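Novice: One structure, pasted below without further comment.
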Amino acid sequence: TCQKPFEKRIFQIKRQTNLFGKTSSTEKAEEHQSACLDFNEDMNAVKKTKRNKMRLALYQPEIPQNAGTMIRMAACFGLPVDIIEPCGFIFDDRRFERAGMDYLKETEINRYVSFDAYLKEKPQGRLILLTTKSSLPYTRFQFEKDDILLMGRESAGVPEEVHKQADGRVLIPMKKQMRSLNVAISCGIVLGEAMRQTGLFNNLS
């Protein structure tokens, strides 16, 4: 069957989810799961990438502009993006659309209803967490071509149970008095090094 164009489909999905992951009923949870499955099927029907490929994973993103910027970056480098919900915005948010621009339709984007669901369904590859709690600079880490770079929430990173699931944790060195970088900037810094190490820039035209 013919799939709906991405521009129409993504902004038809208007299911607002609670920022802290609570659902008021089983029915609401099932509706959320169904929305994610429909989204993935409709928008990725003709552009599924190889599963053993470097990708970005966004853990409960809160700011639509940051999410849109990282998806735009992934589109430019030919990488898929996994969004681990709940999000702090809905997918018809104009700020999300403005940041991602027309690059959104060029990216394979997969939505997952929770981190547990992501662990069950994610592609093979190590989960590499970017975190200020690591002591290992990203420049000293040996990346692999199928690594999944995991970005935490803007406000709080990821909880301890997510830290425990990570196969690697890397840090961007900064001046001691500075707290953190913007998540999209951090993503670009580490992704650039990961692609350089693994030769992925050579695959771009």
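Novice: Could you run through segment 153-173 and say how many residues are within 13 Å of Leu130 (Cβ to Cβ) and loosely packed, with under 10 Cβ neighbours inside 10 Å?
Specialist: 1
Novice: What pairs can you find where one residue is in segment 66-87 and under 19 Å from Leu119 (Cα atoms) and in contact (Cβ under 8 Å) with a residue 12 or more places away in the chain, the other is acidic (Asp, Glu) and open to solvent by 20 Å² or more (accessible area, probe 1.4 Å), and their Cβ atoms are less than 8 Å apart, with a gap of 6+ or different chains?
Specialist: Here the result reads Cys87/Glu62, each pair linking segment 66-87 to a residue that is acidic (Asp, Glu) and open to solvent by 20 Å² or more (accessible area, probe 1.4 Å).
Novice: Among the residues of segment 111-120, count how many are open to solvent by 60 Å² or more (accessible area, probe 1.4 Å) and basic (Lys, Arg).
Specialist: The qualifying residues number 1.
Novice: Please enumerate the residues belonging to segment 155-205 that are part of a loop (DSSP other than H, G, I, E, B) and touching a Gly at 6+ places or on another chain (Cβ under 8 Å).
Specialist: Initial filter on segment 155-205 (part of a loop (DSSP other than H, G, I, E, B)): 155-156, 158-159, 166-167, 172-182, 199, 204-205.
Correct list: Val158, Leu204.
Novice: All but one of (1) open to solvent by 30 Å² or more (accessible area, probe 1.4 Å); (2) without any contact (Cβ under 8 Å) to a residue 12 or more places away in the chain hold for Gly192; state the number of the condition that does not hold.
Specialist: It is condition (1) that Gly192 fails.
Novice: Restricting attention to segment 121-143, and to residues there that are at pLDDT 95 or above and outside any loop (DSSP other than H, G, I, E, B), which single residue is most open to solvent (accessible area, probe 1.4 Å)?
Specialist: Among them, the one singled out is Arg140.
Novice: Among the residues of segment 175-184, which ones are surrounded by 11 or more Cβ atoms within 10 Å (Cβ to Cβ) and over 23 Å from Ile63 (Cα atoms)?
Specialist: So the first thing to find is which residues in segment 175-184 are surrounded by 11 or more Cβ atoms within 10 Å (Cβ to Cβ), and the list is 180-184.
Correct list: empty.
The values are calculated or read from the model by the stated rules, or taken from the named source; none is laboratory data. Model, not experiment: these values are computed from the prediction. All Cβ positions, glycine included, derive from the backbone under ideal geometry; neighbour counts span all protein chains shown. For the accessible areas, the whole protein counts, side chains as well, though only heavy atoms, and no ligand, DNA or RNA atoms are used. Shrake-Rupley method; radii C 1.70, N 1.55, O 1.52, S 1.80 Å.
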